[in-house]
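Since the structure comes first, as structure tokens, the remarks are kept for the end.
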Amino acid sequence: MIRLGATGLSGVLGRALRARLKEFEWVSFEGDVTDAAAVKAWYADAGRLDGLFHLAAVVPLREVEADLPRATRVNVEGTCSVLDAAGESSARPWIFLASTSHVYASSAEPLKETSPLGPANAYGRTKLQAEESANDRARRHGLELCIGRIFSYSTPEQPASYFIPAIIKKLSEAPRGATLEIPGIQGTRDFLTPELICEAFEVLLAKKASGVYNIGTGTAVKLIDIVSAVRARLGREDLVIVPRDEGTVHLRADVSKLRSLGVELRFDLAALIERMIPLDGKKATIKR
């Protein structure tokens, strides 16, 4: 049986990955990834692993900005702990590091894995540091490393600090007839769901891919279109939406490299909005 190790398996992506690869045996690290000794002890006890997914991270931007030292410890030092534990052992599995599209500089053109880097926020900066640290450890220890730069994703399980849940909350709670000024919605993103991301994970694992791979659809979704879809689904045509220019970012994946492995991901915005805002008759039921 294939045995896989993982950090962050209790998170949104971790749960989706475990559900997709349910026939595999999982060995999950449940502790603090910044505790290098604990990670090393867990890895030593894990035995043979065919692959190791490092998913643990501090992701929500507000949480990162609220305690940047902690986010840096988890996202950067935690990555070092995981790579060092694998590198110092005789059992050296293929390793996957979950990174983000936010390591790139904004661009109206599709972003290749070789496109200029320039994180626009603190979360992106910590993940770029994590990538650099992981590559350094992989070279030092002779490890097989794959870095997946995951583009934007959403799911009903996300808290309201993420874009689509935040928009749902904002529009559902707005007074009737309100004018809402929303920054950044002139931008575009390449959107996914956790299930689509895990489809890519499965192939990367099967191919034992190495190097950097964008995980996206290659299609730009306008954020203002998402806002409009949410407003329509909620029946809040009474609201006036005014885009504000600040915070406008464009992040769309060039997925040629991922497609070369046979992976073609397709995102359905309407289906996601229906999942995010289930309707009871004509009344929207919003998950708080």
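The values are calculated or read from the model by the stated rules, or taken from the named source; none is laboratory data. For clarity, every value in this text was computed on a predicted model and none was experimentally measured. Reconstructed Cβ throughout: ideal geometry from the backbone, glycine too, with neighbour counts over all protein chains shown.
Scan S133, S172 and give me the residue that is touching a Cys at 6+ places or on another chain (Cβ under 6 Å) and not basic (K, R).
Values: S172 fails: touching a Cys at 6+ places or on another chain (Cβ under 6 Å).
Answer to the check: S133.
One line per residue, one yes/no per condition, for (1) over 28 Å from S28 (Cα atoms); (2) not in a helix (DSSP H, G or I):
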{"site": "T72", "(1), (2)": "no, no"}
{"site": "N75", "(1), (2)": "no, no"}
{"site": "A85", "(1), (2)": "no, no"}
{"site": "E113", "(1), (2)": "yes, yes"}
{"site": "R137", "(1), (2)": "no, no"}
{"site": "L143", "(1), (2)": "no, yes"}
{"site": "E157", "(1), (2)": "no, yes"}
{"site": "S161", "(1), (2)": "no, yes"}
{"site": "I164", "(1), (2)": "yes, no"}
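Looking at the stretch 166-186, I want the residues that are at positive phi and have a partner that is surrounded by 15 or more Cβ atoms within 10 Å (Cβ to Cβ) with Cβ atoms under 7 Å, at least 6 apart or on another chain. Which pairs are those?
Here the result reads G184/L223; G184/T248; G184/V249, each pair linking the stretch 166-186 to a residue that is surrounded by 15 or more Cβ atoms within 10 Å (Cβ to Cβ).
Please go through (1) out of contact with any helix residue (DSSP H, G or I) (no Cβ under 8 Å at 6 or more places or on another chain); (2) in a loop (DSSP other than H, G, I, E, B) for R62 and return the number of the only condition it doesn't satisfy.
In the conditions (1) out of contact with any helix residue (DSSP H, G or I) (no Cβ under 8 Å at 6 or more places or on another chain); (2) in a loop (DSSP other than H, G, I, E, B), R62 misses (2) alone.
When you go through A108, A19, A120 one by one, which is the residue that is at pLDDT below 95 and within 30 Å of P156 (Cβ to Cβ)? So that I can check it myself, show each step before the final result.
On the way: A108 fails: within 30 Å of P156 (Cβ to Cβ); A19 fails: at pLDDT below 95.
Selected residue: A120, the only one of A108, A19, A120 that is at pLDDT below 95 and within 30 Å of P156 (Cβ to Cβ).
Given the residues T79, T114, which is the only one that is touching a Lys or Arg at 6+ places or on another chain (Cβ under 9 Å) and either closer than 26 Å to E199 by Cα or surrounded by fewer than 21 Cβ atoms within 10 Å (Cβ to Cβ) (or both)? Walk me through how you get there before you give the answer.
On the way: T114 fails: touching a Lys or Arg at 6+ places or on another chain (Cβ under 9 Å).
Exactly one residue qualifies, and that residue is T79.
Restricting the search to the stretch 227-270, which residues are without any contact (Cβ under 8 Å) to a residue 60 or more places away in the chain, small (G, A, S) and part of a helix (DSSP H, G or I)?
Residues satisfying the conditions are S228, A229, A232, A270.
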